[in-house]
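Reading through the structure tokens given below for one structure.
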Amino acid sequence: MSESGHSQPGLYERRRRWNRDKELGHQSLSGPGRDRDYVPWDRDRERRDPVEEPMGSMMQKTPIILAKPPAERSKGAPPPAPAPAPAAAPPIEKPIVLMKSREEGKAPAGATETSAQLPAAVAKVEKEGQRPTQPVYQIQNRGMGSTASSGVMDPVVGQAKLLAPEKMKHSIKLVDDQMNWCDSAIEYLLDQTDVLVVGVLGLQGTGKSMVMSLLSANQPEEDQRTYVFRTQSQEIKERGGNQTSGIDFFITQERIIFLDTQPILSPSILDHLINNDRKLPPEYNLPHTYVEMQSLQIAAFLFTVCHVVIVVQDWFTDLSLYRFLQTAEMVKPSTPSPSHESSSSSGSDEGTEYYPHIVFLQNKAKRENFCPRNLKQMHLVVDKIMMHSHLKYKGTLSMLDCNIFPGLPPSYLDTEVNLFLLPSTDTDADDALPRAAPSSGPLFSLLPGYKGHPSFPSLIAKLRSQIMSMSRPQLSHTILTEKNWFHYAARIWDGVKKSSALAEYSRLLA
């Protein structure tokens, strides 16, 4: 039989049997074996009918077409090459893709270069993954010098930064006797905002340095030669001189800055200028004009950089002192604005201008000054004189709240100003007071005589507590730290010395 005659019936027979088995829903277990018996026929069929060979081969190569070769994979943008890497390290899958896309954007290279740079990219991404914890570490090491670069903090350096600054034992110069600014005070300042600045003004010999020393660091029973602000010695008192020149600086451990100043309108400074033939600045022609302008510069400076200004006087009252305060308020520098504002907002400048609290301290007060009737008259006089002032001269300090006058109700004073009375510190006066007569009984004879006011230590303690509890408003439009306050005060002092308002007032005096 010919080859075609033998193969044709076998083809039809196999197709018919396959269709019948499919319809019946079962397979013959001998089918695959029977197909393998016709291996010679299949070889002949492949030689005769080559059209069916691509179909069989395509069915077998379908998985290879879905997975592209490496050469085609490097050309495609959406599916990048490093597919196995995410399976090995899932957390850095996206960073690897991003880093590879940057590398491809910067320098387009072949697939071999990309695969060679992959370990370096993975290491770089791992370093970038640690960045969220790095800023805290860098901030702690900032300013540490070599320790910041090495990444290891020196325990000695860290402990030194945590320590408080050195405690001051005596005052230092903020402004010297030549009216020049001094930078030594910044060594005692910190970068914190909870600070209170207290200044003092007064005529010569009223006890400014003594009051500031007792408010800051000293006690009344201590020797005055150990006070942080030097007081007048007996020799200086006898020749009518002044002790403080310029502005002295002292800061306590409670972060309260005290500024002691030279006496305003001082006759001893004027006498020193005249007798020693000191050269006056070219803008001043007469010595008394120079002395008054110095006093106005100091007062205007305190009105700008202090939260509280204490005005000390030893008798009630000097009208020229209040006139001087109003003049200093007039020439006071304006509060610096955070930005250059337009002239249309000049109407609201008065509301944003800064003015400090003013405390009128009656030092060396006598017994009759503590009489309720006289006390009420003193409050009325100060209120009438200062009624047109923008300075905060009432509402922040009260002697009635200190239990100094326990029998007086709070409504006793119609208008209570910031007025405080301090008696004399002479201890001899207490011994000279008459004691109770022995006939009144043995108990009363041991009691001291009636003074009319509490003791000096108790009153200075009440004054200290009232001043330290005063509000601390912002001195400028931004919150200032201690060091920022120092730079701000230096700029204000330079502006006061070059003030056009003070120069015009000096020209009118001449």
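The values are calculated or read from the model by the stated rules, or taken from the named source; none is laboratory data. Predicted model only: the values in this text are computed from it and were never measured. When we count neighbours, we look across all protein chains shown, and the Cβ atoms used for this are built from the backbone with ideal geometry, even at glycine. For accessibility, only protein heavy atoms count, side chains too; no ligands or nucleic acids. Shrake-Rupley method; radii C 1.70, N 1.55, O 1.52, S 1.80 Å.
Order M468, M330, M378, M387, most accessible first, counting only protein heavy atoms with a 1.4 angstrom probe.
Numbers: M468 60, M330 125, M378 10, M387 105 Å².
The ordering from most to least exposed comes out as M330, M387, M468, M378.
So, in nm, how far is label L400 from label M387 when the simple model puts each one 7 Å beyond its Cα toward the Cβ?
Each label point lies 7 Å from its Cα, and together they span 1.9 nm.
Probe radius 1.4 Å, ligands and nucleic acids left out: which of T352, T206 has the largest accessible area, and how do the rest follow?
Working: T352 75, T206 5 Å².
The residues order as T352, T206, largest area first.
Taking amide H positions as placed in the peptide plane 1.01 Å from N, state which residues far from V197 in sequence (5 or more) or on other chains have amide H under 5 Å from it.
Excluding prolines and chain starts, which carry no amide H, the hits are I257, H307, V308.
Show me, for the range 461-473, the HN-Hα J-couplings you get by feeding each phi into the Karplus relation (A = 6.51, B = -1.76, C = 1.60, θ = phi - 60°), rounded to Hz, glycine and proline as x.
5, 5, 5, 4, 5, 5, 6, 5, 8, 6, 5, 10, x
Whole-Hz ³J(HN,Hα) for each residue in the range 172-183, computed from phi via Karplus 6.51 cos²θ - 1.76 cosθ + 1.60 with θ = phi - 60°, x for glycine and proline: what do you get?
10, 7, 9, 9, 7, 5, 8, 6, 10, 6, 10, 9
Run the quick spin-label model on L270 and D414: label points 7 Å from Cα toward the beta carbon, then report their separation in nm to one decimal.
Distance between the two pseudo-spin positions: 3.7 nm.
Which distance in nm do the two modelled labels at E353 and D194 give, with both placed 7 Å along the Cα-to-Cβ direction?
According to this spin-label approximation, the distance is 3.3 nm.
Accessible surface of K167 in the full protein assembly, 1.4 angstrom probe, to the nearest 10 Å²?
K167 exposes around 130 Å² with every protein chain in place.
My understanding is that a pair violates if its Cα-Cα distance is over 20 Å; which of K392/K498; K208/K364; K173/K279 do that in this structure? Display every interim value, and only then the final one.
Numbers: K392/K498 26 Å; K208/K364 12 Å; K173/K279 22 Å.
Going by Cα-Cα distance, K392/K498; K173/K279 fall outside the 20 Å limit.
In nm, what is the difference between 0.36 nm times the number of residues separating R507 and K167 and their Cα-Cα distance?
Details: separation 340, 0.36 × 340 = 122.40 nm, distance 4.44 nm.
Result for the pair: 118.0 nm of gain on full extension.
Report, by chain and number, residues whose modeled amide H sits under 5 Å from the one on Y354, excluding near sequence neighbours (fewer than 5 apart, same chain).
Under 5 Å from the amide H of Y354: T335.
Taking the Cβ-Cβ separation of D223 and D177 as r and a Förster radius of 22 Å, what is the calculated FRET efficiency to the nearest 0.05?
E(calc), rounded to 0.05, equals 0.30.
Working out 0.36 nm times the residue gap between R464 and R491, then minus their Cα-Cα distance, what length gain in nm do you get to one decimal?
On the way: separation 27, 0.36 × 27 = 9.72 nm, distance 2.95 nm.
Length gained between R464 and R491: 6.8 nm.
For the range 209-222, what does the Karplus curve 6.51 cos²θ - 1.76 cosθ + 1.60, with θ = phi - 60°, yield as ³J(HN,Hα) per residue in whole Hz, taken in order and with x for Gly and Pro?
Result, rounded to whole Hz: 5, 5, 5, 5, 5, 5, 6, 9, 9, 10, 10, x, 6, 6.
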